[in-house]
Amino acid sequence: RVLTARAEETVVPLAPPASSSVPDPLGGLGGGLRIANPDSFGPSSHRRRFLNGQASPSTPWDGQMEALVSQVKGSQGAAAGQEGRAENGNGAAATANGSAGARADPASVPPDGAGEGGTAAPPLPEQNPLPLPLRNPRSALQAAVCGGSLPDVARACAGLHEVNERDGAGYHPLHSAAALGMLENGGAGGGPAKENGAASSAAGICDALISGGADVMCRDPSGNTPVHWAARSGSSDLVVLLLSRSCPLDAQNDAGETALHWAMRAGRRGEGAARALVESGARVNVFNRSSRRPLDVASEGFGSVESGGNGGAGGVKVDESDRRSARWNLMEASPQCRTLVLHHEECLGHLAKDDEAWEAPERIQSVMSAMGMEATSSGGAPSGGDGAGRFRPCEVTVSSDFERATLELLSRVHSAEYLSFINDLSKDLERKRKLELAGQGSSEKPAAAEGSAEDEAGGDGGEASAAEPAKAPTVLPFTPMVQRKIMPQAKPREDGHSDTAFSAGSLKAARRAAGAVQHAVDCVLVGRNRNAFCVVRPPGHHAGINGLLSDAESCGFCLFNNVAAGAMHALSDEKNRPRCERCAIVDVDAHHGNGTEEIVRKCQDSERLLFFSVHLYDHDRPKKGAFQYKFFPGTGSEDDVAHNVINVPIAPMWREREVVRGISQASNPPVPPAEPRQTRQRSRKANGAESGDQQSAASRSGSNSSGTTESSSSADGAAPGAAQPASAPPSTAPQCPPHYLSGTGRLAYRRAIQHRLLPALRAFNPDLIILSTGFDAAGGDVGNARHYTNGTQAVGLDLEPRDFAWTARKICEVADICCDGRVVSVLEGGYGRTPPAVPPPPLVGDSGGAADSDAGVTPRGLDRSLISDCAVEHLRGLVDPYSPSESE
């Protein structure tokens, strides 16, 4: 046998024992390699193979462990050697530069005539170091490139120098040439420009290197391409040149970032490069390892990238004005970075029952006006400027160009009976409205003719014969009609107590609202827009399969379930968009989305849906003869794990006393009283009392055939006559509902979002998130208040407008991780606050004081500015989820 070993190895022949029965696979011919199990030779009858004086491993585990340790040590030694070569790189480069006549470092080598005695150059200022590819040139070609001398680079390429040789730090000459632009555009640290002429020749040097055979696909130690460094320098001409010479456009480095990420990190300096990349076809929706788009890392710099991070912000202080400028530049170049805002004039055709109704057309008019947009069918663009409540045209895309929801879509979430009922009711109202308009038109013509004749005669009849004002459209109470038609077994409500109304334009408005969600889902799934916000009405999260739920008292202003229809459309198989496997519906309205939950429960593919609702919940325990209050709709107190339904009820603030008491009992349970210390005298008394009790019990058992004592002892598992245990102490568990332990108000709401919603979304990993966004949880909104008969009200939640921005940002962060940021927000509730009543003017001759009674006080309509402020902040969270100015 021939055994080959390294010089340092000591090989000890391995001889099988005499008693071994292992057969020779080669038939005793020898000359071959035989693998045998060492265990077959017995415990002590063989000798091991020695390596460096140590016994070799005898098991696969030991061998793999030794190889792993050797690999780790080898990689550490290679890294240390590379650092040593980098430290000595300047000396080697200086030697090479002597023959090439080029400067190794344009900032560290003394200028001409400074002396040839090898005097060290002054160190670079710490606030503006050279870019990494320019610090360690090793060959004459690399020194010429770092010096920015195009003639020297041309001579070095013609002299058959290796154009793909890397420097001591692992950078290719093409990386160094692409980084020359950073010297002109403020340097690596954003300092003043260097006047050495190196940056002006960067494009020519890159062109010469590529023509000389340089590898355009080269990567530096961090995986960056030359386009990365050109984008970081902000040179649009250099970016275009490299891309025209077949450099990769959307190549990602080790942190997952493309050249567009680096252009955005450079802030204002990289705006030109960012535009050039987008115009060349760069994708704006590529995510790095920290799930950030190029838009999300604007002006964050390169500290986290060069330190080995994953590209996150990492607490870097960002110049807000520089960040806004970089973001607006990219949004203007790429509409895909914008948020889509959908609204339509037909949503205003759904009329309210009276002027004091909460749900009225003024809701979306106020919201669109606060955003700087007009609620018209033309889809007006936002006004310019970035004042309070306004957005720039490059930040949002406002559109009314979408169709109404089809019957096929609505039939996925509602029954045919309910859809037929609404259609017949709408046609009946339209027919009556046409007859009313026709009758008014025929009566106005003779009156107008008579008035004109009197005017010609010089009479005064024109003013007296003016036409009467048009009759108001008919508005019907919707909930009682649904109860009579769809639910005949239910007791219908009185028409005067119905909060949900229906008019001739209600069906068109409801179809347009559901169509907006359908259109937004398509735009977000195909990547046409980053996310979307549907400012539509009527709301829909209380509408179940038959509209009104069997245990509900009202339709809650809802006709069609917009979010459920959008979710079903997303889960359907469409040919022209990516497939959506899972969809999450998140309801942050103050009221529980009972209609959405019913549809999710009845869905055939409920495992593809997740429904999460955080809402107020207050339901009095039934008491005989007492009023039982419940906050509408009185549902949503429990989860349904089988159907992916998560409900997080929040106690209203008017229950704060009970909440504090329950938390106190849970935190400090009462300690049961300790047993008294037994003494001999007490023991005798106790034994005597026990014997007397046993005798009396025996006498009672003889006269009573039921055997209660025996049955109780047998039930406890003890034999008759045995000593009975002491009675259990009273329960120390709190007598309050479980959700009281989470607290009230903003703290409970944020805790629900942070600890219940976000982990659930991350675990479900949806492909799309649809928000049922209700702003009625804002402090002062009439939607979360408890209204008393005397006209007063108690606040249930106290959210601020910035809480809705915080919610949008948190959800968008999770969406960027699991579903490429696909979020569609749909307006649900939010009505406004009750303004203070206006007292009547004082009478003539009065002293001017206020009236003694409130009989003459004139109430005013709701103040819609609250919902407008909340909607604006919510949209800000969608437009800029990673704003550093947002305070937690």
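The values are calculated or read from the model by the stated rules, or taken from the named source; none is laboratory data. These numbers come from a predicted model, not from an experiment. Cβ coordinates were reconstructed from backbone atoms using ideal geometry, including for glycine residues, and neighbour counts include every protein chain displayed. Protein only, heavy atoms only, side chains kept; ligands, DNA and RNA dropped before computing areas. Shrake-Rupley method; radii C 1.70, N 1.55, O 1.52, S 1.80 Å.
Here's the picture: charge each Lys and Arg Cβ at +1 and each Asp and Glu Cβ at -1 in the range 743-825, and of Ala778, Tyr749, Asn790 the one pushed furthest to the positive end of that dipole is Tyr749. Of the residues Glu553, Glu828, ranked by 1.4 Å probe accessible area with the largest first, the sequence reads Glu553, Glu828.
Ordered from largest to smallest accessible area (heavy atoms of protein chains, 1.4 Å probe), the residues Glu417, Glu346 come out as Glu417, Glu346.
Determine the order of Ile817, Ile545 by accessible area, beginning with the largest, at a probe radius of 1.4 Å.
Ile817, Ile545
Filter the cross-link list Lys353/Lys508; Lys602/Lys810; Lys427/Lys508; Lys434/Lys508; Lys353/Lys602 down to pairs whose alpha-carbon distance in this structure exceeds 21 Å. Exceeds cut-off: Lys602/Lys810; Lys353/Lys602. Highest-first packing order for the peptide set 173-179, 807-813, 255-261 is 173-179, 255-261, 807-813, based on the mean count of other beta carbon atoms within 10 Å. Note on Met217/Ser865: beta-carbon distance plugged into 1/(1 + (r/R0)^6) with R0 of 45 Å gives a FRET efficiency of 0.20. With both labels modelled 7 Å from their Cα along Cα-to-Cβ, the Lys73 to Glu417 distance reads 8.1 nm.
Using 0.36 nm per residue and subtracting the Cα-Cα separation, the extra length available between Glu408 and His619 on full extension is 72.2 nm. A cut-off of 5 Å between modelled amide H atoms, ignoring neighbours fewer than 5 places along the same chain, links Phe502 with Leu476, Phe478.
The calculated FRET efficiency for Glu574 paired with Arg283, based on their beta-carbon distance and R0 = 22 Å, is about 0.50.
For an R0 of 60 angstrom, estimate the FRET efficiency from the Cβ-Cβ distance between Gln604 and Glu165 and round to the nearest 0.05. For Gln604 and Glu165, the calculated efficiency is 0.40. Between Met487 and Asp639, residue separation times 0.36 nm minus the direct Cα-Cα distance comes to 52.0 nm. In this label model, Glu656 and Lys630 are separated by 2.7 nm, measuring between points 7 Å along each Cα→Cβ vector. Ranked by the mean number of other Cβ atoms within 10 Å of their residues, highest first, the peptides 648-659, 765-776 fall in the order 765-776, 648-659.
How much length is gained if the chain between Ala794 and Lys427 is pulled fully straight, taking 0.36 nm per residue apart and subtracting their Cα-Cα distance, in nm to one decimal? It would help to have the intermediate numbers written out before the result.
Numbers: separation 367, 0.36 × 367 = 132.12 nm, distance 4.14 nm.
Taking Ala794 through Lys427 to full extension adds about 128.0 nm, to one decimal.
Annotation: peptides 406-415, 202-211, ranked by per-residue average of other Cβ atoms within 10 Å with the highest first, follow the order 202-211, 406-415.
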